[in-house]
Amino acid sequence: MSDNNEPLVRVDNLSVHFPVRNGLFGRTKRTLRAVNELSLTLNKGECLSVVGESGCGKSTLALSILGLQEPTAGEIFFEGRSITGKAQPTRLERAGMAQMVFQDPYASLNPRQTIYTSLAAPLKLHGVKDRAEINRRIESMMQLVGLKPEQARRFPHEFSGGQRQRIGIARALILNPKVVVLDEPVSALDVSIRAQIINLLLELKERLDLSYIMISHDLSVVEHMSDRVAVMYFGQIVETGSWDRVFTDPQHPYTRRLIGAILDPVTELTGQSPVDTRETPEPPAGYDYYPREFGKHDVYSLPPASQLVALREDHSVRLIARG
Amino acid sequence: MTDNLLEVRDLRLDIVSGGVSHNVVDNVSFSIGRGEAYGLVGESGCGKSITALSIIGLLRKPLAVTGGTLNFNGRDLRGLSKGELRRLRGEKIAMIFQEPMTALNPLSPVGRQIAEMFVLHKGATWKEAERLAIEALGNVQVPAPEERVKAYPHQMSGGMRQRVMIAIALACNPDLLIADEPTTALDVTVQAEILKLVKELCAARGTSVLMISHDLGVIANMCNRVGIMYAGRLVEERPVADLFLHPAHPYTGGLLKSLPQLGSRRLEGRKRLQEIEGTVPSIANFPPGCRFQPRCHRATPVCSAEIPPLSALSHDGFVKCFNHER
Amino acid sequence: MRLRLNLLIGGVLCIVIISAALLAPWLAPTDPVLDADLMNAELPPDAQFWFGTDAQGRDVLSRILYGARISLAVGIGSQVINTLIGLALGISAGYFGGWWDDFVTGLTNLMLAIPSLIFALAIMAILGPGLVSLLIALGLTNWSWTCRIARSSALSLKKQGYVQAAKTLGYGDIRIMITQILPNMIGPILVIGTLGMGDAILAEAALSYLGLGIKPPFPSWGNMLTDARELIVIAPWAAIFPGLAIFVTVLGLNLFGDGLRDWLDPHMKARQL
């Protein structure tokens, strides 16, 4: 635990752009701006959820934090140490920092490896040579995620979706990472299985003192699991703050739009939405919310200068100076 | 009996391959009235989609209808020839799918694909049909329809493609629209728009809707009556408010309680979600008796010995459970 | 079940041919080179010479048995080389992408554009006849399909969650390619390898037929056909039996390859309801 207020993960002005070649022979080059000068922090023990619709850049952000996507500009710090650019740690070093739980439990396990192999190989790679030690750690990990140790001898196709997601969680945790990135961890699962995985993730967070970055579009799950929420729209954070601020008093029109679009069965029938999303509160004087119009965004052009402004402690929205 | 648009009685579907047969849909009965929106809810593999496909006559081998009747507008759908079924599809019964990209022809402009419906089913000339296609695109609130008719499916966003699918489906004013997870692949804000569109268009034309989804929120938003399917059986059927506010079947109740509910954390703090134990059974290993019984917290010995019969509930509904909520 | 039948028939044929090749010294009634006897030349099949004799009076059966060794050595040997080249180029191209991918793709297309037999012919012309030259010539010219399949599989596999997970777990690129990507494409690669073996055996026959393969008097199915060319009317058995041997071997390999594809596909097993 660092006492100099350094967060566990700090993303500083991160931009990720992809060159897109099209036209005859790929002559014309355009730049797809997946992430634009994005900053955020994850504190120890927190679950930070990054919320947004498809194409908003939330997955690119996650891949950058994991080191799977090279940033175009900006830096990412882990416990104060830069993990991008020249000072980049090796893959081996990174493995202990952040791991990922994938959305699709069917594509995230190697079909040709037993669960035992999938879990033992990373341990061996990280210098655990003693067979008894490996077996002990795999056994306790299997129990931790609610599976029987002897099931480790089986292949992925012998498991149901929910069980596979448990295995995916076990693999993410086997090297004791400090941060776990959860990429839509329950959206590919059967509805009756989701609660099991949500409960498991929250339980593991407490027991192992984990910190989560969750990528999700399911706001009911986000509200249930998060400590802090960041709402993304086209590569930028438009609103961020503690979960209760964002969910009880959303300020930005886009956040209100998202929350307003949730179809909760009980809300639908009683007609009592927990949040009034009809009227957007007035922005601070001299500013306007950015963006105000949706569905017209051009991912190839540079967005106008706007800033995340703190409205109060731990609650910021993106504003643009009124011109 | 009544003037219901669709009557499904004791429908049974099996997978028959290599002399082995597995039951996938067992004894499913429901009906849809004119102008009614009926929801069929269940998890993957519960048989909801193939039930819909059997209605529209698109069931593929090794799946086969092995029992029951499908009565549409007073005609037995099972007795129809292939040609008659084909004429019925698109004209009287239309369907929209989860991924419009796979249902649209990638090599043909969307306007032409809509126009085709008018030519095929209404005997319109191509010139007429093209004008009607522009109108149909306008009806599904595609901006600048006279421009967009020339666009190809890959030039459109997922939400726009689904609007095109709806335009095609509703082109001939069908009596019944089957919507199979129409918004699952879409973003939440687009989903809200699409559902609103379907609701408004169908209400205006008096089209009945069979909505198939795993998403309880979508069903609550769209439907008047809801059937819950589990492992190939319809276990509960109720008017939508009764079902979600006072579920009778332990599976329905469990499902509702297992989902985080928006706003509840603020009111009551974060509570551990109530889990449904175990996993969804696979078709090859359906348990005896009630198929939910191994996962059910209210199960008694009778549950694994006998298939629970239908118990009628007050105001129009039933549940199939020995120990249901009363 | 049809797919099992493929594998069974193909497997039996392959085993029969491999054992024939291995056991040739014990199975062959006569020496394929030395036991020439002009007194017995061009005899039709009878109790002593089951497949008849050729123009030099050598036992066709013995020569076919020994010829199987050459054919199989060429088939297996050249395919091992082809598969290794194709896998190394294809997987690395698909996995790394960028200029390396462009280069490998270009090279593959070039190889596909030139008929591999012409290419092999050119190499044989430089290296001269012989078994080693054959292995090199056929091993360097038929990897493009393996490479293409390996590349496209690697392209799709590298996006799979488990490959991403392997990266975050600290696996190096080589390790990922070997432990995560290679095992998941082994089915189609084996199939192509087996089918390619049939091609190589045919190519060997063609090259030997043109006098560029195995030097007479040592028997290969190809040069046996060459020798039998002039006898096709008076002693057709000298051509028919080597031809049949090629046919049966290629058929066996193809059946086996097809059967293997169905059997190895993990989805086939997982699809059991």
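Taking only the C-alpha atoms, wrap a convex hull around segment A:94-230 and report its volume per residue in Å³ as a whole number.
Hull volume over Cα atoms, normalised by residue count, gives 105 Å³.
Nearest 5 percent is fine: what portion of the DSSP beta bridges confined to segment A:9-321 is antiparallel?
About 65 percent, rounded to the nearest 5.
Provide the FRET efficiency to the nearest 0.05 for the residue C:112-residue C:132 pair, computing r from the beta carbons and using R0 = 22 Å.
About 0.30, to the nearest 0.05.
Using each residue's phi in segment C:231-243, evaluate 6.51 cos²θ - 1.76 cosθ + 1.60 at θ = phi - 60° and report the 3J(HN,Hα) Karplus result to the nearest Hz, with x for Gly and Pro.
Running phi through 6.51 cos²θ - 1.76 cosθ + 1.60 with θ = phi - 60° gives 9, 3, 8, 7, 9, x, 4, 5, 9, 4, 5, x, x Hz.
List, in order, the whole-Hz ³J(HN,Hα) value for each residue of segment B:78-86 obtained from phi through the Karplus relation with A = 6.51, B = -1.76, C = 1.60 and θ = phi - 60°; use x for Gly and Pro.
Whole-Hz 3J(HN,Hα) from phi for segment B:78-86: 6, x, 7, 6, 4, x, 5, 5, 4.
Pull up all non-local amide H partners of residue A:31: gap of 5 or more, or a different chain, and H-to-H distance under 5 Å with H placed in the peptide plane.
Excluding prolines and chain starts, which carry no amide H, the hits are A:20.
Hey, what angle do you get for helix B:188-205 against the long axis of chain B, alpha-carbon based, 0 to 90 degrees rounded to 10?
80
Could you tell me the center-to-center distance, by alpha carbons, between segment C:178-205 and segment A:101-132 in angstrom?
Cα centroid to Cα centroid, the span is 28 Å.
Taking amide H positions as placed 1.01 Å from N in the peptide plane, with prolines and chain starts having none, which residues 5 or more places from residue B:67, or on another chain, fall under 5 Å of its amide H?
Hits under the 5 Å cutoff: B:12.
Along the charge dipole of segment A:9-321, Cβ charges K/R +1 and D/E -1, which of A:64, A:122, A:261 sits furthest on the positive end?
The residue sitting farthest along the positive end of the dipole is A:122.
Could you work out the equivalent-ellipsoid semi-axes for chain C, taking the square root of 5 times each eigenvalue of the Cα gyration tensor, largest first, in whole Å?
For chain C, the semi-axes come out at 41, 22, 13 Å.
Based on alpha-carbon positions alone, could you give the equivalent ellipsoid semi-axes of segment A:151-298 from the gyration tensor, as √(5λ), descending, whole Å?
34, 18, 14
Under the rule of at least 5 residues apart or a separate chain, name every residue whose amide H is placed under 5 Å from the amide H of residue A:14.
Hits under the 5 Å cutoff: A:38, A:39, A:75.
Just how large is the dipole of chain A about the Cα centre, in debye to the nearest 20, putting +1 at every Lys and Arg Cβ and -1 at every Asp and Glu Cβ?
1460
³J(HN,Hα) across segment B:38-52 via Karplus (A = 6.51, B = -1.76, C = 1.60, θ = phi - 60°), whole Hz, x for Gly/Pro?
Per-residue couplings from phi come out as 10, x, 10, 10, x, 8, 4, x, 7, x, 5, 5, 6, 4, 5 Hz.
Please list, or write none, the lysines whose alpha carbon is within less than 20 Å of the alpha carbon of residue B:320, excluding same-chain residues fewer than 8 places away.
B:48, B:257
On a 0 to 90 degree scale, rounded to 10, what angle separates helix A:131-144 from the longest Cα axis of chain A?
Taking the Cα atoms of chain A, the angle to A:131-144 is about 50 degrees.
Please list, short to long, the whole-number percent of alpha-carbon pairs of chain A in consecutive 10 angstrom bins beginning at zero.
Using 10 Å bins, I get a P(r) of 5, 24, 31, 24, 12, 3, 0 for chain A.
I'd like the orientation of helix C:186-209 relative to chain C: the angle between its Cα long axis and the longest Cα principal axis, in ° from 0 to 90, rounded to 10.
For helix C:186-209, the angle is close to 30 degrees.
Once you list every other residue whose beta carbon is under 14 Å from the beta carbon of residue C:215, what net charge do they have if Lys and Arg are +1 and Asp and Glu are -1?
-2
What distance in nm separates the two pseudo spin-label positions at residue C:4 and residue B:173, each 7 Å out from Cα along the beta-carbon direction?
5.8
Given labels modelled 7 Å from the Cα in the Cβ direction, how far is it in nm from residue A:70 to residue C:47?
Between residue A:70 and residue C:47, the simple spin-label model gives 8.0 nm.
With charges only on Cβ, +1 for K and R and -1 for D and E, what is the dipole size of chain B about its Cα centre, in debye, rounded to 20?
About 240 debye.
Can you list the equivalent-ellipsoid semi-axes of the protein assembly as shown, largest first and in whole Å, using the square root of 5 times each Cα gyration tensor eigenvalue?
Semi-axis lengths for the protein assembly as shown are 58, 37, 30 Å.
Would you mind counting up the charge near residue B:73? Only other residues with Cβ under 9 Å from its Cβ, with Lys and Arg at +1 and Asp and Glu at -1.
With Lys, Arg at +1 and Asp, Glu at -1, the neighbours total +1.
Read-outs throughout are calculated quantities, based only on the coordinates presented, and are distinct from any laboratory measurement. Keep in mind that what you see is a predicted model, and the values were worked out from it rather than measured. We place every Cβ from the backbone using ideal geometry, glycine too, and count neighbours over all the protein chains shown.
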